[in-house]
């Protein structure tokens with residue numbers, strides 16, 4: 001199936017590892033011109049080099065702090081100048097720490113808002129004008145199943161990421177007539193470094209092994225396992241493609257059936 005992404009200009013934020021790294025690879029495989037960013041320059045450059053070599057892809061890689069509005073704007077302008085515009089923007093940022101409510105701090109709440117809500121605002125402000133010029137664009141946010149079903153000990157994520165849904169819906173309504181779709185992908189438990197850290201913390205608290213606790217998480221899904229980053233990446237790339245042209249303002253759960261609601 002032709003996804004219509006050949007030579008499209010694609011930004012994937014925080015893409016040195018995990019789900020966003022898998023998405024970057026999927027876009028490169030489709031022949032997109034890829035812009036990757038991350039705070040960790042060493043990890044980012046290594047990831048970008050591997051993507052270039054594996055897919056013979058055109059890849060721009062720049063270290064960017066996604067909470068810095070000016071840095072995001074400079075990065076987007078650099079991408080637009082090099083690739084002739086911006087067609088797709090996949091927003092992503094590291095998840096906030098696992099905490100119960102009475103363990104939280106004001107500083108951590110502010111950081112969670114900056115990382116997981118305002119970073120999307122910064123990217124949207126920067127990319128929408130470029131997409132309006134072409135009358136075509138795709139914005140895909142990466143959040144968490146917690147936007148539909150709050151997760152134990154992830155109070156920052158449960159609260160802040162829910163705000164992203166309001167932003168996604170607002171942007172989709174405002175810019176749909178410009179040919180821009182805005183959607184959200186909400187992964188469930190996925191085999192990333194963040195999940196490893198989360199599993200280790202919870203397993204210690206219960207006095208069980210990491211592997212035993214990981215099996216417990218998998219058992220909570222309809223499919224009986226945790227997901228792989230590439231499985232979430234497939235959903236992201238599809239929403240960014242021509243094949244999803246009539247879908248906007250939506251949240252797509254990629255959680256193996258973890259969410260129990262209708």
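Residue selection: residue 172 fails the criterion of being within 24 Å of residue 24 (Cβ to Cβ), assigned by TED's automatic domain parsing to the domain that holds residue 106 and touching a helix residue (DSSP H, G or I) at 6+ places or on another chain (Cβ under 8 Å). With respect to residue 12, is the statement that it is more than 17 Å from the chain's Cα centre (by Cα), crowded, with 24+ Cβ neighbours inside 10 Å and either at pLDDT below 95 or on the phi < 0 side of the Ramachandran plot (or both) true? Answer is no for this residue. In the stretch 96-108, which residue that is in a helix (DSSP H, G or I) and in contact with a helix residue (DSSP H, G or I) (Cβ under 8 Å, 6 or more places away or on another chain) is surrounded by the most Cβ atoms within 10 Å (Cβ to Cβ)? That would be 108. Residue 162 passes every criterion in (1) surrounded by 20 or more Cβ atoms within 10 Å (Cβ to Cβ); (2) part of a helix (DSSP H, G or I) apart from (1).
What residue, among those in the stretch 55-76 that are out of contact with any helix residue (DSSP H, G or I) (no Cβ under 7 Å at 6 or more places or on another chain) and part of a helix (DSSP H, G or I), is surrounded by the most Cβ atoms within 10 Å (Cβ to Cβ)?
Residues of the stretch 55-76 out of contact with any helix residue (DSSP H, G or I) (no Cβ under 7 Å at 6 or more places or on another chain): 56, 58, 68, 70-71, 74-75.
Next cut, part of a helix (DSSP H, G or I) only: 70-71, 74-75.
Values: 70: 10, 71: 16, 74: 14, 75: 24.
Selected residue: 75.
Among the residues of the stretch 83-95, are any part of a helix (DSSP H, G or I) and under 26 Å from residue 237 (Cα atoms)? Explain how you work it out, then say what you get.
Residues of the stretch 83-95 that are part of a helix (DSSP H, G or I), as a first pass: 83.
Of the ones still in play, those that are also under 26 Å from residue 237 (Cα atoms) are 83.
Within the stretch 83-95, one or more residues are part of a helix (DSSP H, G or I) and under 26 Å from residue 237 (Cα atoms).
Restricting to the stretch 181-237, name every residue that is in a helix (DSSP H, G or I), over 18 Å from residue 15 (Cβ atoms) and in contact with a helix residue (DSSP H, G or I) (Cβ under 8 Å, 6 or more places away or on another chain).
Taking the stretch 181-237 as the starting set, the residues that turn out to be in a helix (DSSP H, G or I) are 193-206, 210-219, 229-237.
Filter again for over 18 Å from residue 15 (Cβ atoms), leaving 196-206, 210-219.
The answer is 196, 199, 200, 202, 203, 206, 210, 212, 213, 214, 217.
The values are calculated or read from the model by the stated rules, or taken from the named source; none is laboratory data. Owing to the predicted nature of the structure, the values given are computational and were not obtained by experimental measurement. Don't worry about glycine lacking a Cβ; one is built from the backbone with ideal geometry, like all the others, and counts go over all protein chains shown.
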